[in-house]
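A short write-up of the structure that comes next.
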Amino acid sequence: MAATSSQPQTSSPQQMHYIQAADLQGWVIQVLIANKTPPDHAATVAKCLVAADLRGVDTHGANRVPSYMERIRQNALDPTASPTLRQITPVVAQVDARNGFGFVAAHAGMARAIEMAQTFGIGMVSVKHSNHFGMSAWLVKQALEANMMSLVFTNSSPALPVWGGKEKLMGVSPIACGAPGGESAKPFILDMAPSIAARGKIYKALRRGERIPMDWALDKDGNRTDDPESALGGVMLPMGGPKGSALSIMMDVFSGVFSGAAFAGHVTGPYDPSRPSDVGHFLVAIKPDLFMTMREFGERMAYLYKRVVESEKMAGVDRIYFPGEIEILTEQNRSVEGIPFAEAEVASLNKEAQRVGVAPLKVSRVGE
């Protein structure tokens, strides 16, 4: 993956406030507990949200807290619910999230998939009646910590038209997978949406007063727009035309149809507090040493890594990155420098803290 991208245009830049990861995680836990979330569940949710912020996936980090809390207040999400697990075969299980946090259900599902894979080489878990689970890469990382390869699918609320259509029908549902990298290579971590840009980036631009690239979305009248508010009222555009559309349908097949969760445009979005989301997930863990030793697998991954990052660069590219490597470097930097939040984002988060009597966020420094 080359270090080139299409960046949004900034219309009214805001001063950035930097918050240390430990302070942010502790603050999120307090807000969640104050909103009836059990402490162990709060710790899981907070860890996953802050992991996204550390990796630079700000669209799926702590800025999601206000929307989650509003869903709790409107009884659209049950923060007290604990997922239940049913074993189907020795290598297949299903989790019923019972309308609790998607983070908690997906974490339990991946833990079970890993456990089955450690014994049988592969484990598959389907999750139903769930909610938004944030950045998919944290589940890939959960598998990597157990030295496992993984597949992570989820469906989501309507945001994309199917190819040839004009109405919102399919979700901007991320496709994620991963594999350990061995001793001398970064792990492979893929986490991407089937749209040109993730829908969360539109919400981020709206919060920060930024414009968006003209090729991201259409407004309600079908015209290209750089206004995030108009884009949210319209549709996202699939990457690669019919290819992105087909990938979003695939996510619905494996995550929605297969699990018994909502599908075909009936998933409720995380910013809509009117009713339960009923999201579905599909999780697979695989032992890398099924066909060779772990050492050989690691050596082969290291060779692949070297071939990718040392391949000849096109004009204008300074460095080629392995999938997931930019996020690893961002995490290293933000672990030291702190996580940046715009003024409006800090104000929105502190409003949630004030609602429940939690102290405001501790800002370590203010800067560009």
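Just so you know, all these numbers are worked out from the coordinates, no wet-lab data involved. The shown structure was predicted, so the numbers you read here are calculated from the model rather than taken from an experiment. No Cβ is skipped: glycine too gets one built from the backbone with ideal geometry, and neighbour counts run over all protein chains shown.
Given 166/313; 201/243; 201/351, which pairs have Cα atoms separated by over 30 Å?
Too far apart for the 30 Å limit: 166/313.
Could you tell me which of rounded, prolate or oblate describes the range 192-310, using a ≥ b ≥ c as the square roots of the eigenvalues of the alpha-carbon gyration tensor, with rounded for a/c under 1.5 and, failing that, prolate when a/b is larger than b/c and oblate otherwise?
oblate
Could you check what % of the DSSP bridge pairs in the chain are antiparallel, to the nearest 5?
If we restrict to bridges inside the chain, about 90 percent are antiparallel.
To make sure I understand the rule: partners must be lysines, Cα under 16 Å from the Cα of residue 306, and not fewer than 8 residues away in the same chain. Which ones qualify?
Counting by Cα, and skipping residues close in sequence, residue 306 has these lysines nearby: 186.
Which distance in Å, rounded to a whole number, links the C-alpha centroids of the range 53-88 and the range 304-327?
Measuring centre to centre over Cα atoms gives 34 Å.
Please compute the modelled spin-label separation between residue 293 and residue 120, points set 7 Å along Cα→Cβ, answer in nm with one decimal.
That separation, rounded to one decimal, is 2.9 nm.
Treat the count of other C-beta atoms within 10 Å as a stand-in for reagent exposure and order 310, 352 from fewest to most.
In increasing order of surrounding Cβ atoms, one gets 310, 352.
Once the Cα atoms of the chain are picked out, what are the Rg and Dmax in Å?
Considering the chain through its Cα atoms, Rg and Dmax are 20.1, 56 Å.
To make sure I understand, if each residue's beta carbon is the centre and we count other beta carbons within 10 Å, what order do 258, 282 fall in, fewest to most?
Exposure proxy ranking, most exposed first: 258, 282.
Contact order normalised by length for the chain, with contacts defined as Cα pairs under 8 Å and 6 or more residues apart; what percent is it?
Once divided by the residue count of the chain, the mean separation gives 26 percent.
At a 10 angstrom cut-off on C-beta neighbours, averaged per residue, how do the peptides 118-128, 69-79 rank from highest to lowest?
Ranked by mean Cβ neighbours within 10 Å, highest first: 118-128, 69-79.
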